[in-house]
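Following: one structure in structure tokens, then a few remarks.
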């Protein structure tokens, strides 16, 4: 395997692992529902995207070509994560999930 591809794979795996870890820590540590949405939808989306991209590079460098399933997983992830977070936030605002005192702004313009 090409050494440049190995370095790229290793770097993408490290970046993906870091962002996934940051997203998981954010999910566990942030104070309210609305701020907890940012962990899985922002950081982990980038983390999983980097991991899947490293998989694409790995299998392409092995001569198996670009995997259609991997590309579809990445597209599906980047399309559905922001939409589902938006729907969850709107549902939470609709049923009146409270925010913490340190949250700036209002969930609904009143």
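Read the figures in this text as sums done on the coordinates, not as results from a lab. These figures come from a predicted structure and were not determined experimentally. Neighbour counts run over all protein chains shown; Cβ positions are idealised from the backbone, glycine included.
Details
- The lone exception for residue 12 - which of (1) assigned to a helix (DSSP H, G or I); (2) more than 12 Å from the chain's Cα centre (by Cα); (3) under 27 Å from residue 96 (Cβ atoms) it fails: (3)
- The listed residues are 65, 17, 39, 26, and the only one of them that is free of Cβ contacts under 8 Å to residues at least 24 places away in the same chain and either touching a strand residue (DSSP E or B) at 6+ places or on another chain (Cβ under 8 Å) or surrounded by fewer than 16 Cβ atoms within 10 Å (Cβ to Cβ) (or both) turns out to be 65.
- Set 87, 73, 51: member being assigned to a helix (DSSP H, G or I) and loosely packed, with under 12 Cβ neighbours inside 10 Å: 87
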